[in-house]
Amino acid sequence: MPELPEVETIRTQLSEHLPFKIKKVNYSPVVGSLFGEKSFDPEGMEISEIKRYGKVLNFILGDQHILSGLGMTGGWIISKESLDEKHKHVEFICDDIYLSYVDPRRFGFIHYMDESGKENFLTRLGPDPFSKDFNAEYIYSVLKKYPNRQLKPFLLDQKYFAGIGNYLASEICALAGVRPTRRAGKVTKKEAGKLKEATDAILNKSIKANGATFWGGYRDTSGEKGDGLNHLVVFFQRDCGMCGGVVKKIILGGRGTFYCPKCQK
């Protein structure tokens, strides 16, 4: 499932081709669940900028916005010709390029809305990890507000930690030296600072590697895999990348969770 580094990689790569002058839009009738209530008709408009908030891409077309969430298997592909892909659900035909949304499992979304709709949508999310609002003080205050929640499942809650997904949460806990099972209220202020530092470290490392591709998953805008798997210390690892000890796997909140008993307390 694409998390913040994968979405940021897509945003960066798409932005290299801006602006996208949309001449025509094709989309499959089977993907009605992708779209919001507003009529999806951006033909003749121009995508001038692409921003990211958490895991959500924001395509800016004047005073209109296309918000794209990639779900589990979604992605945007750039091609010189119309993409021959059965899971292609949206295709923007531009002046000299094709921009296609591909999503085999169709858990993603595409919402077409005005400025107020965009603001209402994004206010449901917590601060982006790269924003000034996402700091050690914020992390500590949120953890103290919900003291009985287990740390790692809590980090997946987009209402408080926008952009963090399953592999990132395991890696953040590992780099911070905190067990994923720890109750939020037991995390100290110093450890909250370490969680912030760990978040910055893993995000920057994964973005530099163009994201992480797991089995049959994320591809960048050229259809290439990310190299981030080579930098993980505990997630789906047998040996801890920090101490060489045995990594344990448990299930928390229904998700596979990995940690090192030696490095994490």
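The values are calculated or read from the model by the stated rules, or taken from the named source; none is laboratory data. Owing to the predicted nature of the structure, the values given are computational and were not obtained by experimental measurement. Ideal geometry is used to build each Cβ from the backbone, glycine not excepted, and the neighbour counts take in all protein chains shown.
Say whether the condition of being surrounded by fewer than 23 Cβ atoms within 10 Å (Cβ to Cβ) and over 17 Å from Pro5 (Cβ atoms) is met by at least one residue in the range 216-227.
yes
Return the residue satisfying two criteria in turn: it lies in the range 127-164 and is in a helix (DSSP H, G or I) and among the hydroxyl-bearing types (Ser, Thr, Tyr), and of such residues it is surrounded by the most Cβ atoms within 10 Å (Cβ to Cβ).
Residues of the range 127-164 in a helix (DSSP H, G or I): 136-145, 151-155.
Among the residues that remain, those that are also among the hydroxyl-bearing types (Ser, Thr, Tyr) are: 138, 140-141.
On the way: Tyr138: 18, Tyr140: 20, Ser141: 12.
Checking each candidate, the answer is Tyr140.
Return the pairs, sorted by first residue and then second, in which the second residue is surrounded by 14 or more Cβ atoms within 10 Å (Cβ to Cβ) and part of a helix (DSSP H, G or I), the first residue lies in the range 189-205 and is free of Cβ contacts under 8 Å to residues at least 24 places away in the same chain, the beta carbons are less than 8 Å apart, and the residues are 6+ apart or on different chains.
As it stands, the answer is Glu191/Ala176; Lys194/Leu175; Lys194/Ala176; Glu197/Leu175; Glu197/Ala176, since those pairs meet every condition given.
In the set Ser141, Ser116, which member is among the small types (Gly, Ala, Ser) and in the same structural domain as Lys189 (by TED's automatic domain parsing)? Step through it out loud before you land on a result.
On the way: Ser116 fails: in the same structural domain as Lys189 (by TED's automatic domain parsing).
The conditions single out Ser141.
Out of Glu91, Glu81, report the one residue that is buried (at least 19 other Cβ atoms within 10 Å of the Cβ), over 20 Å from the mean Cα position of the chain (by Cα) and touching a residue at least 12 places away in the same chain (Cβ under 8 Å).
Details: Glu81 fails: buried (at least 19 other Cβ atoms within 10 Å of the Cβ).
Glu91 is the lone residue from the list that is buried (at least 19 other Cβ atoms within 10 Å of the Cβ), over 20 Å from the mean Cα position of the chain (by Cα) and touching a residue at least 12 places away in the same chain (Cβ under 8 Å).
Please count how many residues of the range 1-14 are over 11 Å from Thr221 (Cα atoms) and either more than 8 Å from the chain's Cα centre (by Cα) or surrounded by fewer than 21 Cβ atoms within 10 Å (Cβ to Cβ) (or both).
1
Quick check on Ile172: is it surrounded by fewer than 23 Cβ atoms within 10 Å (Cβ to Cβ) and either outside the structural domain of Ile50 (by TED's automatic domain parsing) or outside any helix (DSSP H, G or I) (or both)?
Working: surrounded by fewer than 23 Cβ atoms within 10 Å (Cβ to Cβ): no; either outside the structural domain of Ile50 (by TED's automatic domain parsing) or outside any helix (DSSP H, G or I) (or both): yes.
Considered against the rule, which asks whether it is surrounded by fewer than 23 Cβ atoms within 10 Å (Cβ to Cβ) and either outside the structural domain of Ile50 (by TED's automatic domain parsing) or outside any helix (DSSP H, G or I) (or both), Ile172 comes out as no.
Among the numbered criteria (1) surrounded by 21 or more Cβ atoms within 10 Å (Cβ to Cβ); (2) of a type in the set (A, V, I, L, M, F, W, C); (3) farther than 30 Å from Leu156 by Cβ, which single criterion is violated by Leu70?
All conditions pass for Leu70, except number (3).
Only one residue in Arg124, Arg106, Arg52 is closer than 27 Å to Asn204 by Cβ and either of a type in the set (Ser, Thr, Tyr) or surrounded by 15 or more Cβ atoms within 10 Å (Cβ to Cβ) (or both). Which one? Reasoning before the result, please.
Details: Arg124 fails: either of a type in the set (Ser, Thr, Tyr) or surrounded by 15 or more Cβ atoms within 10 Å (Cβ to Cβ) (or both); Arg106 fails: closer than 27 Å to Asn204 by Cβ.
None of the others qualify; the one that does is Arg52.
Given the condition among the charged types (D, E, K, R), over 16 Å from the mean Cα position of the chain (by Cα) and either modelled with pLDDT of 95 or more or crowded, with 17+ Cβ neighbours inside 10 Å (or both), answer yes or no: does some residue in the range 198-208 qualify?
First, the residues of the range 198-208 that are among the charged types (D, E, K, R): 200, 205, 208.
Subsequent filtering for residues that are over 16 Å from the mean Cα position of the chain (by Cα) retains none.
The answer is no, given that none of the residues of the range 198-208 is among the charged types (D, E, K, R), over 16 Å from the mean Cα position of the chain (by Cα) and either modelled with pLDDT of 95 or more or crowded, with 17+ Cβ neighbours inside 10 Å (or both).
Residue check, Leu155 against (1) outside the structural domain of Ser39 (by TED's automatic domain parsing); (2) touching a Pro at 6+ places or on another chain (Cβ under 7 Å); (3) among the aliphatic types (A, V, I, L, M), all met but one. Which one?
Checking Leu155 against (1) outside the structural domain of Ser39 (by TED's automatic domain parsing); (2) touching a Pro at 6+ places or on another chain (Cβ under 7 Å); (3) among the aliphatic types (A, V, I, L, M), the one that fails is (2).
Does the range 20-27 contain any residue that is aliphatic (A, V, I, L, M) and either at pLDDT 95 or above or in the same structural domain as Ser222 (by TED's automatic domain parsing) (or both)? Walk me through how you get there before you give the answer.
Within the range 20-27, the first condition is being aliphatic (A, V, I, L, M), and the residues that meet it are 22, 25.
Narrowing further to those that are either at pLDDT 95 or above or in the same structural domain as Ser222 (by TED's automatic domain parsing) (or both): 22.
Looking for residues that are aliphatic (A, V, I, L, M) and either at pLDDT 95 or above or in the same structural domain as Ser222 (by TED's automatic domain parsing) (or both), one finds at least one in the range 20-27, hence yes.
Can you tell me which residue within the range 207-247, out of those that are in contact with a strand residue (DSSP E or B) (Cβ under 6 Å, 6 or more places away or on another chain) and not in a loop (DSSP other than H, G, I, E, B), is farthest from Glu16 (Cα to Cα)?
Per the criteria, the residue is Leu229.
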